[in-house]
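Visitor: Below are the structure tokens for one structure; questions will follow.
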Amino acid sequence: MAQIGRFWFLSIAVVFHFIYIYSIFSIYFVSPIVHGMREHGVDTQEAPAQRLVLFVGDGLRADKAFQSFPDPTPLDETSEDAKSPRPLAPFLRSRVLSHGTFGVSHTRVPTESRPGHVALIAGLYEDVSAVMTGWKLNPVNFDSVFNRSRHTWSWGSPDILPMFEQGAVPGRVDADTYDPEFEDFSKDGFHLDTWVFDRVKKLFKDAKTNVTLDSELRKDKNVFFLHLLGLDTTGHAHRPYSKQYLHNIKVVDQGVQEITGLIEDFYSDGKTAFIFTADHGMSDWGSHGDGHPDNTRTPLIAWGSGVAPPIVNNSGTANGHEDGFSSDWGLDHIQRHDVSQADVAALMAYLAGLDFPTNSVGELPLSYLATDTKSKAEALLENAKEILEMYHVKEDMKKSTELYYKPFPGLGDETHSVEYRIARIQEAIDQGRVEDAIKQSNTLIQIGLQGLRYLQTYDWLFLRTLVTAGYIGWIVFAITTVIDLHVLKEESQTLRTVSSMVVFSSVLVGVYSVLFMQQSPLIYYAYALFPVMFWEEIWARRPALFKGCKVLLRDVSSKADVIKLVLSVAGCFGLLEALVQSYFQREIFTICYLLATTWPAFYGKEFVEKNLVLVFTWVLSCMLMSTFTLLPANKIEDLSLILSGGVLMFAVGVLYLLFEKRILVDADASEDELSCPSADGLSRIILGTQVGLIALAMIVTKSSIWHLQTRTGLPRGTQLVGWFTLVASLLVPFLHSLRPNGHYLHRLVIIFLQFAPSFIILTISYEGLFYFAFCLCLFSWIQLEHHVHKHTSQASRPSSRSSIPLRPTIASATERRASLKEGEYRALTLADGRIALFFFFFLQSAFFSTGNIASVSSFSLDAVSRLIPVFDPFSQGALLILKIMVPFAVMSANFGILNRRLGVAPSALFMVVMAIGDVMTLNFFYMVKDEGSWLDIGTTISHFVIASLLGVFVAGLELTSELFIGGVEIKIEGSRKSERQTGAQQNGTVTGNSNGRIH
């Protein structure tokens, strides 16, 4: 492994982790979409409805649609009538009470607009990775209700409509969308819905003078789709309990009533079916994406031709309300019929007389149909045939590629075959045993879905084995590399023989042969390559691994040392397991921070008294950090907290400007370098500019919040000043290169001030206070680590009373001092493992202290709306990512400086962190779920991706560290001369011969 240097190690780490992150989608979330199925539909003389109208209230929660509230926009707010609760959607409520059937449609994660509409209109649940391809176009082609219609007219958002237009037969779907700039979060969202209603009215108005359009509209099997985005936009901006959101419900209800009346008057035949639903709900914090019930429960109301009337129970509570969710809707006497979201597509296809979409897994909800039992049985049988058609196609595809195929037991023999089961169901229908036929059809649908599930998970065992071998191989490979580069001081032997190469090559060729014959995706070859590559290298470098272990454990000789080592290792794994659990319980960070306050006491009373101020700062910063994970992850915009954080950052900058020389002199800086006015005059001006940008950030943020809250629209000037402040704060620090100051404290202050405006403009609550406390904690940590290093080094010097017991430690310390004098980095010791663990803990804390990044709902668009008021998921997401990355940039700078102060190679401790981090990743890999609670599914996916990305983050942090601390001067202990680690030193190559020596 002597041939693998720092650059190649980081490159392998990045490539490996990015490829293996995708493994959960190859294993757990394979796309369900296949092609080549025959169409199946209900063959009747006349369809239940001649046409279908679909209303989708984007972001409408089920409870808000049916609950009662005081009038959000009364003419007289002081009147008693305005204060009394009333249904905000009286027309939709009247459909429930006397005209149709209602229930709750349960969605799946990710609860975003694209997958929600795909489930509603195509009847399939995409693999979760599909949302990462964007909401505007299809990553793969799938069939839909729109594609089965004679013609579909649609109105709404440019983020949704084009994917159904381009995925259908050319010319079959018309999509009328507003401009993207119309989705402005700084203005009232209900205008998006009134735009849609006005366009629908215009279409039917034009039909009165356009004979061709009138003729097209009057044909059967037409579909009208109204996408109403106003509720989603308003909910993001104001929360779903706000007056604006509740008013938007009134606007939607009134618009649905007008369009319903317009269509019924136009056709005057009573042959129109109407469906009102939503793609997803919304949390109380104005966000969605995860599996929280507020995001997954949406309203479903169907009425019109072919829809069953309500089932009323006048003597008590009707069926369907057992969960208590609808207890405050005032609809307990109306039977509630809940469905899965994909079932809506099957319902729409049946009502409009269309074939079921060929990719649909939806089950036809019979309780919504106004027809006799025999017709229901026949319709459900066709639904079962459509689902089993997918099973046949998938099974044929699997048979054609597998070396040995094991069929699904439920449909594997003659008495359980699809043909036999369908024949029995048809026989039951013909004999009038329709209830039995319905029961058998439901059973067959479930078996078909289980068969599809069986085929989806067919390769799980093989792929899981590859991925597990890969992660374990990476961990051992990384540890071996660290030992070879940063522990051993001479070139280690490589035992790569012809026989070992033949064995590992044969394994790789054998696996590749199986993959080739099974026509496996190319990504599978990468999954197989890494385990073989890692374990072959580990086997060849095993002498270095064994020798390095002996070097690290050379001071472990007594029984007490062994016990201490065992306890330390147990504590390491205990901390890693605690961090795993912290993904579920953020409060664990609070406990860890409180325990960390006791750390300095382990070095004795003398150490604490000698560094009393520093220890106090450490304890204070840890206690401050312990409070953030007790606060709610989902936050409400609070200007006072934003400005409080800004004032603290501003105060730090002002105090440093006033006392810069004294601070640096007290920190053992060279007074000669600091006392020259020409050397620091320009630097102080630049520092003053940075401080001024913090004040400007507070002013512009206060102005932006006022304009957004009053719904007056974000002024262009305020938006431009906000962008100027953000960009300038990130660029101005680079001007310090004109008058460089190499003191590490000076550099840390520059970096702190550089990102302070970002944590004002892009925050909505206490995040700025977190930034201040986090930076204080990091600074006190690196100072403490340096003092601990000096303390332990002094303790290991020769003493007249007892030199022999300390001989190994003395030799080690002498070797380190000699290495520093020669310009080399010191070798790593077991004590450095503690430093890596601390860094890894801070890495996790940076994610979870201000939110739950594992929950998509933790993200709020309030802050980014100050810069981008128009909905743009990718640009707004980029700003959110910038905010998330700021703590990591600060961490990288502090950790890089600590490395230099301790005389450790720049990459050494970063590599240790990358090795131990994947212990958590492998843990989360087996926690990933693709069934059960959708909250659990979304959470486990997020946990695995985050844990796996940490390896990539750490690799990037090392490079970032070099960028931020280039030119920093570190004073070597025992020497009056500063070591300036720049140029070739900081970018030098670590060779196998020097094992950490810089050339």
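Visitor: Please state which of the following conditions G717 fails to meet, knowing it meets all the rest: (1) over 31 Å from the mean Cα position of the chain (by Cα); (2) touching a residue at least 24 places away in the same chain (Cβ under 8 Å).
Guide: Tallying (1) over 31 Å from the mean Cα position of the chain (by Cα); (2) touching a residue at least 24 places away in the same chain (Cβ under 8 Å), G717 fails exactly one: (2).
Visitor: Could you identify the single residue in L748, L753, L776, L843 that is modelled with pLDDT under 90, in a helix (DSSP H, G or I) and within 31 Å of the chain's Cα centre (by Cα)?
Guide: Just a single option satisfies the conditions, and that option is L843.
Visitor: If you don't mind, another one. Looking only at the stretch 14-37, how many residues end up being in a loop (DSSP other than H, G, I, E, B) and in contact with a Lys or Arg (Cβ under 9 Å, 6 or more places away or on another chain)?
Guide: Total meeting the criteria: 3.
Visitor: Of the residues G956, G967, G932, which is of a type outside the set (S, T, N, Q), out of contact with any helix residue (DSSP H, G or I) (no Cβ under 9 Å at 6 or more places or on another chain) and modelled with pLDDT under 80?
Guide: Of the residues listed, the single one that is of a type outside the set (S, T, N, Q), out of contact with any helix residue (DSSP H, G or I) (no Cβ under 9 Å at 6 or more places or on another chain) and modelled with pLDDT under 80 is G932.
Visitor: I would also like to ask the following. Among the candidates D220, D232, which residue alone is surrounded by 14 or more Cβ atoms within 10 Å (Cβ to Cβ), of a type outside the set (A, V, I, L, M, F, W, C), within 30 Å of Q709 (Cα to Cα) and touching a residue at least 60 places away in the same chain (Cβ under 8 Å)?
Guide: On inspection, the qualifying residue turns out to be D232.
Visitor: Looking only at helices (runs of 4 or more DSSP H) that fall completely inside the stretch 171-243, which ones have 3 or more residues that are within 28 Å of D63 (Cα to Cα)?
Guide: Answer list for the stretch 171-243: 190-207, 230-238.
Visitor: Filter the stretch 712-742 down to residues that are out of contact with any Leu (no Cβ under 7 Å at 6 or more places or on another chain) and among the small types (G, A, S), then give me how many there are.
Guide: Residues meeting the conditions: 4.
Visitor: Y350 - would you say it is of a type in the set (S, T, Y), crowded, with 23+ Cβ neighbours inside 10 Å and within 24 Å of I33 (Cα to Cα)?
Guide: Taking the combined requirement at face value, the residue satisfies it.
Visitor: Related question: Just a yes or no: is a residue in the stretch 450-473 among the acidic types (D, E), within 32 Å of the chain's Cα centre (by Cα) and either farther than 23 Å from V514 by Cα or not in a helix (DSSP H, G or I) (or both)?
Guide: Checking the stretch 450-473: at least one residue is among the acidic types (D, E), within 32 Å of the chain's Cα centre (by Cα) and either farther than 23 Å from V514 by Cα or not in a helix (DSSP H, G or I) (or both).
Visitor: Moving to a separate point now. Answer yes if at least one residue in the stretch 38-60 is surrounded by fewer than 18 Cβ atoms within 10 Å (Cβ to Cβ), outside the structural domain of Q341 (by TED's automatic domain parsing) and within 30 Å of D918 (Cα to Cα), and no otherwise.
Guide: No, every residue in the stretch 38-60 fails to be surrounded by fewer than 18 Cβ atoms within 10 Å (Cβ to Cβ), outside the structural domain of Q341 (by TED's automatic domain parsing) and within 30 Å of D918 (Cα to Cα).
Visitor: Give me the residue from the stretch 578-606 that is of a type outside the set (S, T, Y) and not in a helix (DSSP H, G or I) and, out of that set, farthest from the chain's Cα centre (by Cα).
Guide: G604
Visitor: I need a count of the residues in the stretch 709-741 that are in contact with a Phe, Trp or Tyr (Cβ under 9 Å, 6 or more places away or on another chain) and hydrophobic (A, V, I, L, M, F, W, C).
Guide: Adding up the residues that qualify gives 2.
Visitor: Kindly indicate which of S942, S975 is over 25 Å from L843 (Cβ atoms), modelled with pLDDT under 75 and among the polar types (S, T, N, Q).
Guide: Testing whether each residue is over 25 Å from L843 (Cβ atoms), modelled with pLDDT under 75 and among the polar types (S, T, N, Q) leaves just S975.
Visitor: Condition first: in contact with a Pro (Cβ under 9 Å, 6 or more places away or on another chain) and among the acidic types (D, E). Now tell me which residues in the stretch 259-299 satisfy that.
Guide: D279, D284, D290, D294
Visitor: Touching a residue at least 12 places away in the same chain (Cβ under 8 Å), of a type in the set (S, T, N, Q) and within 20 Å of F225 (Cα to Cα): which single residue out of S367, S360 fits that description?
Guide: Being touching a residue at least 12 places away in the same chain (Cβ under 8 Å), of a type in the set (S, T, N, Q) and within 20 Å of F225 (Cα to Cα) holds for just one of S367, S360, which is S360.
Visitor: Report whether or not S31 is outside the structural domain of D269 (by TED's automatic domain parsing), in contact with a helix residue (DSSP H, G or I) (Cβ under 9 Å, 6 or more places away or on another chain), over 21 Å from L959 (Cα atoms) and hydroxyl-bearing (S, T, Y).
Guide: Yes.
Visitor: With respect to the numbered conditions (1) out of contact with any Ser or Thr (no Cβ under 8 Å at 6 or more places or on another chain); (2) surrounded by fewer than 22 Cβ atoms within 10 Å (Cβ to Cβ), which one is the sole condition not fulfilled by S367?
Guide: Among (1) out of contact with any Ser or Thr (no Cβ under 8 Å at 6 or more places or on another chain); (2) surrounded by fewer than 22 Cβ atoms within 10 Å (Cβ to Cβ), the lone unmet condition for S367 is (1).
Visitor: Same structure, new question: Taking the stretch 867-887, which residues are in a loop (DSSP other than H, G, I, E, B) and without any contact (Cβ under 8 Å) to a residue 12 or more places away in the chain?
Guide: Answer for the stretch 867-887, where residues must be in a loop (DSSP other than H, G, I, E, B) and without any contact (Cβ under 8 Å) to a residue 12 or more places away in the chain: just I868.
Visitor: Against the condition closer than 30 Å to P158 by Cβ, part of a loop (DSSP other than H, G, I, E, B), at pLDDT 90 or above and in contact with a helix residue (DSSP H, G or I) (Cβ under 9 Å, 6 or more places away or on another chain), how does A49 come out, does it pass?
Guide: When the stated conditions are applied, A49 passes them.
Visitor: May I pose another question? Mind checking which residues of the stretch 182-228 are among the β-branched types (V, I, T), closer than 18 Å to R172 by Cα and under 45 Å from the mean Cα position of the chain (by Cα)?
Guide: V200, V223
Visitor: Six or more apart or on different chains, Cβ under 8 Å: which pairs go from a residue in the stretch 827-840 that's among the hydroxyl-bearing types (S, T, Y) to one that's assigned to a loop (DSSP other than H, G, I, E, B) and crowded, with 23+ Cβ neighbours inside 10 Å? Could you list them?
Guide: none
Visitor: For the stretch 491-503, indicate whether the set of residues that are aliphatic (A, V, I, L, M), buried (at least 17 other Cβ atoms within 10 Å of the Cβ), touching a residue at least 24 places away in the same chain (Cβ under 8 Å) and in a loop (DSSP other than H, G, I, E, B) is non-empty.
Guide: no
Visitor: Specify the residue that is farthest from the chain's Cα centre (by Cα); the eligible residues are those in the stretch 73-103 that are under 30 Å from Q341 (Cβ atoms), assigned to a loop (DSSP other than H, G, I, E, B) and touching a residue at least 24 places away in the same chain (Cβ under 8 Å).
Guide: Here the residue is H99.
Visitor: Within the stretch 540-567, track down each residue that is among the charged types (D, E, K, R), closer than 22 Å to F602 by Cα and exposed (fewer than 15 other Cβ atoms within 10 Å of the Cβ).
Guide: Answer for the stretch 540-567, where residues must be among the charged types (D, E, K, R), closer than 22 Å to F602 by Cα and exposed (fewer than 15 other Cβ atoms within 10 Å of the Cβ): K559, D561, K564.
The values are calculated or read from the model by the stated rules, or taken from the named source; none is laboratory data. These figures come from a predicted structure and were not determined experimentally. Cβ coordinates were reconstructed from backbone atoms using ideal geometry, including for glycine residues, and neighbour counts include every protein chain displayed.
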